[in-house]
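A quick write-up on the structure given underneath.
The values are calculated or read from the model by the stated rules, or taken from the named source; none is laboratory data. All figures in this text were calculated on a predicted structure; none of them were measured in a lab. Note that we place each Cβ from the backbone using ideal geometry, even for glycine, and neighbour counts take in every protein chain shown. Heavy atoms of the whole protein, side chains included, go into the accessibility calculation; ligands, DNA and RNA do not. Shrake-Rupley method; radii C 1.70, N 1.55, O 1.52, S 1.80 Å.
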Amino acid sequence: MTFPEPNAPLRNDVSSNAFEDEDHHKGISPLVELNIGMVSQFPQEHMHLVCLWVVKRLLLLWKKGPLRYRLGSQDLNQISDSMLSLKDSVPCEFSRKPRSLDVGDRWNATEFRQFLLYTGPLVLLNVVHQNIYTFFLLLFVAMHIL
């Protein structure tokens, strides 16, 4: 779900129960019968918000985004080769071994999380522009803190 209107009113349980947002409400949810807050009672979680949204979008931006943000094919290949070279070093406790960026559109949330928290800081070092690397490290540190 994206929110293209930056000044849109925040959702709350009252507006949700009244089905005020026609674009959001496609039907009546079976959860309404549980008498729980449809906005306030559902926690935010990092898998969808960070792994499948932010990290996935970063990789797409670096691969297919505007030229201003896109990495060259040589850089992308170097990152992919570095990822593949780490396969034998990743312990069995990780559910997935690193895969190439070529199949990044088929990665699942655990692969995006592994890229953000473990392999990304290694494979991006000295490959991407310093500003990009610094931003990535800020996200990396923020997610470790959380």
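List, in order, the whole-Hz ³J(HN,Hα) value for each residue of the stretch 59-70 obtained from phi through the Karplus relation with A = 6.51, B = -1.76, C = 1.60 and θ = phi - 60°; use x for Gly and Pro.
Working through the residues one at a time gives 5, 5, 4, 5, 8, 10, x, x, 3, 4, 10, 5 Hz.
Could you give the Stokes-Einstein D for the stretch 9-54 in µm² per second, using the C-alpha Kirkwood radius, 25 °C, 0.890 mPa s?
Values: Rh = 12.0 Å.
In µm²/s, the coefficient is 204.
What full-extension length gain, to one decimal in nm, is calculated for residue 144 and residue 69 as 0.36 nm per residue of separation minus the Cα-Cα distance?
On the way: separation 75, 0.36 × 75 = 27.00 nm, distance 2.52 nm.
That pair, residue 144 and residue 69, stretches by 24.5 nm at full extension.
Can you list the lysines whose alpha carbon sits under 29 Å from that of residue 63, skipping same-chain ones fewer than 8 residues off?
Answer for residue 63, where 29 Å is the Cα cut-off: 87, 97, listed by chain and number.
Would you list 62, 53 from the most to the least accessible area, probe 1.4 Å?
Reading off the accessible areas and sorting them downward yields 53, 62.
Roughly how many Å² is the accessible area per residue of the chain, as a whole number, for a 1.4 Å probe? Mind dumping the intermediate values first?
Working: 10360 Å² over 146 residues.
For the chain, the solvent-accessible area averages 71 Å² per residue.
Which order do you get for 86, 49, 116 if you rank them by accessible area with a 1.4 Å probe, largest at the top?
On the way: 86 40, 49 85, 116 5 Å².
Order by accessible area, largest first: 49, 86, 116.
State the percentage of accessible surface on the stretch 21-108 attributable to carbon and sulfur atoms; use a 1.4 Å probe and exclude ligands, DNA and RNA.
Working: 3410 of 6420 Å².
With neighbouring chains kept in place, the figure for the stretch 21-108 is 53 percent.
Would you kindly state how much longer the chain becomes between residue 77 and residue 23 on full extension, computed as 0.36 nm times their sequence separation minus their alpha carbon distance, in nm to one decimal? Intermediate values should be presented prior to the final figure.
Details: separation 54, 0.36 × 54 = 19.44 nm, distance 4.07 nm.
Value of the extension gain: 15.4 nm.
From a point 7 Å beyond the Cα of residue 95 in the direction of its Cβ, which residues of the stretch 102-146 have a backbone N at a distance under 17 Å?
106-119
With only alpha-carbon atoms in the gyration tensor, what are the semi-axes of the equivalent ellipsoid for the chain, in Å, largest first? Intermediate results must be reported in sequence, preceding the final value.
Numbers: eigenvalues 259, 68, 38 Å².
Values for the chain, descending: 36, 18, 14 Å.
Would you work out if the stretch 47-126 is rounded, prolate or oblate? Take a ≥ b ≥ c from the square roots of the eigenvalues of the alpha-carbon gyration tensor; rounded if a/c is under 1.5, else prolate when a/b is larger than b/c, oblate otherwise.
Details: a/c = 2.03, a/b = 1.25, b/c = 1.63.
Oblate, since a/c reaches 1.5 and b/c is not below a/b.
Divide by every residue of the chain the summed helix terms, -39500 (n - 2.57) for each DSSP H run of at least 4, and state the resulting mean residue ellipticity at 222 nm, rounded to the nearest 500 deg cm²/dmol. Provide the component values of the computation, followed by the final result.
Details: 6 runs with 54 residues, N = 146.
That comes out to -10500 deg cm²/dmol.
Normalised by the number of residues in the stretch 21-146, what is the relative contact order in percent for Cα pairs under 8 Å and 6+ residues apart? Please report the intermediate quantities before stating the final value.
On the way: 72 pairs, mean separation 29.0, N = 126.
Relative contact order comes out at 23 percent.
Could I have the simple spin-label model distance between residue 44 and residue 122, label points 7 Å from Cα toward Cβ, reported in nm to one decimal?
Spacing of the two 7 Å Cα→Cβ label points: 3.1 nm.
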